[in-house]
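Each remark here refers to the structure printed beneath this line.
The values are calculated or read from the model by the stated rules, or taken from the named source; none is laboratory data. The model shown is predicted, which means the values in this text are computed figures rather than measured ones. When we count neighbours, we look across all protein chains shown, and the Cβ atoms used for this are built from the backbone with ideal geometry, even at glycine. Just so you know, the surface numbers come from the protein's heavy atoms only, side chains and all, with ligands and any DNA or RNA stripped out. Shrake-Rupley method; radii C 1.70, N 1.55, O 1.52, S 1.80 Å.
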Amino acid sequence: MSELTRRGFLLGSTLAAAGLREEEVMAQPAPNTTANQPDPLLDGEELPTFRFALEKSEAKVQGGNSAREATVKQLPISKGIAGVSMRLEPGGMRELHWHATAAEWAFVVEGRCRTTVVDPEGRAETNDFDPGDIWYFPRGHGHSIQCLGNKPCHFILVFDNGYFSEFGTFSITDWIGHTPSRLLAKNLSLPEEAFTRFPKNEVYFARGPVPPEQIQPEHRRVLNPPPVSHKFRMLAEEPHSLHSGGREWRVGQERFPISTTITGVILDLNPGGLRELHWHPNADEWQYVISGRVRVTLFGAHGRYREETFDAGDVGYIPTGYGHSIENASNDKPARVLIAFNSGHYQAIDLSLWLAANPDYLLMANLGQPEALIEKLPRRRVFLTK
Ligand code: MN
Ligand code: MN
């Protein structure tokens, strides 16, 4: 029996034993197995830093447009997820491009913007975004982003690959600028001379007039819309979770079907609020502090423990399966953290619930504590507290 046949056979019998049809199991997301592989960075005596001061880092700047990125280059631990903080001035745009190595998820922090995206089935969508809205572009889908109105806009981009970089980004001007005019003329039915005035190198940020608020029907491209939207109004919904310690909005594939590889979260921590100790079995976690100051702890087994303080504009990263917590470091100001996971399906195990799941006699022996104390442990998931 060949290796593949043998594996197929074994899988089939396992499924049958579990009472599952093969399609049901195949529909499950593939597990994130990066945590299985030895990683010199994570296998040392000390945990490496998991914080990067993104907004204090050097930006790519063109006029009032700027981009700052956090990849494995800036934050080596962040192998599973990269991020960019981008600002566009009125009339500014991030030119037509696609990413060969990552899907793109975004959260609009300030201002308004418009995206246009095309998919491989030839369907297109133009959407306008306000603060609190998110988008998702599957890997390789062509898109552009424009600032809307007379105020600048600021958004955080998240990519499901920490090795994402400009080398994985393909821009229209870069491509057209390096293709011979003869070929372009044939391709686009224009005279060859027309292409002599096109940009020769990548423009990256382009600038034009402030876009019209409404796209005139005659300016609409004649493509059909996709069956599921690239846009979701995350903060326009009620938070899914509200506690004395704060509140959380969480949006994954279940509510935003196109977002198959990213789950996004906005976590508001009240003064002194704590997102309790927990871990994520299936995904890495990327963090961007929108406002306030938070203390993040990281537990990496073998006695390795690290705590770092994050200010607004800092980025953090928690590898799959590592224990962690997030606490508002201020006793009088709230904090807001943007969190993204590289899975469309959210999973977490929280310390309080884990303890509550075990018999008291077991916890007494394991922790060497009397029943009187063990009885006082929470009997439910705490999630957020203060
Ligand atoms: Mn992009
Ligand atoms: Mn977490």
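Listed values, structure above:
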read-out	value
Kirkwood Rh, Cα atoms: Rg over Rh of the chain	1.02
Dimensionless Rg over Rh [region 51-232; C-alpha; Kirkwood]	0.97
Stretch gain in nm, segment Y305-I215, where the contour uses 0.36 nm per residue and the Cα spacing is subtracted	27.1 nm
Cα centroid separation - region 300-322 against region 106-158, whole Å	30 Å
Additional length obtainable on full extension of the chain from S291 to S229, 0.36 nm per residue less Cα span	19.4 nm
Cα-based Kirkwood hydrodynamic radius, region 233-386, one decimal, Å	16.4 Å
Net length gained if the chain between S189 and L377 were fully extended (0.36 nm per residue, minus Cα distance)	60.4 nm
Nitroxide proxy distance, nm - points 7 Å out along Cα→Cβ at D332 and L362	4.6 nm
For the chain: accessible area per residue (Å², 1.4 Å)	52 Å²
Between 0 and 90°, nearest 10: helix 3-18 axis offset from the chain longest Cα axis	60 degrees
Portion, in percent, of the accessible area of region 238-385 that falls on carbon or sulfur, probe 1.4 Å	54 percent
Cα-projected label distance for N150 with V61, points at 7 Å along beta-carbon direction, nm	2.5 nm
Accessible area of region 51-232 belonging to carbon and sulfur atoms, whole % at 1.4 Å probe	56 percent
Rg/Rg_ref, region 76-146, where Rg_ref = 2.2 N^0.38 Å and atoms are Cα	1.14
Residue-level accessible surface for I172, protein heavy atoms, 1.4 Å, Å²	60 Å²
Radius, Kirkwood style, for region 154-239 when every pair of distinct Cα atoms is counted (Å)	17.4 Å
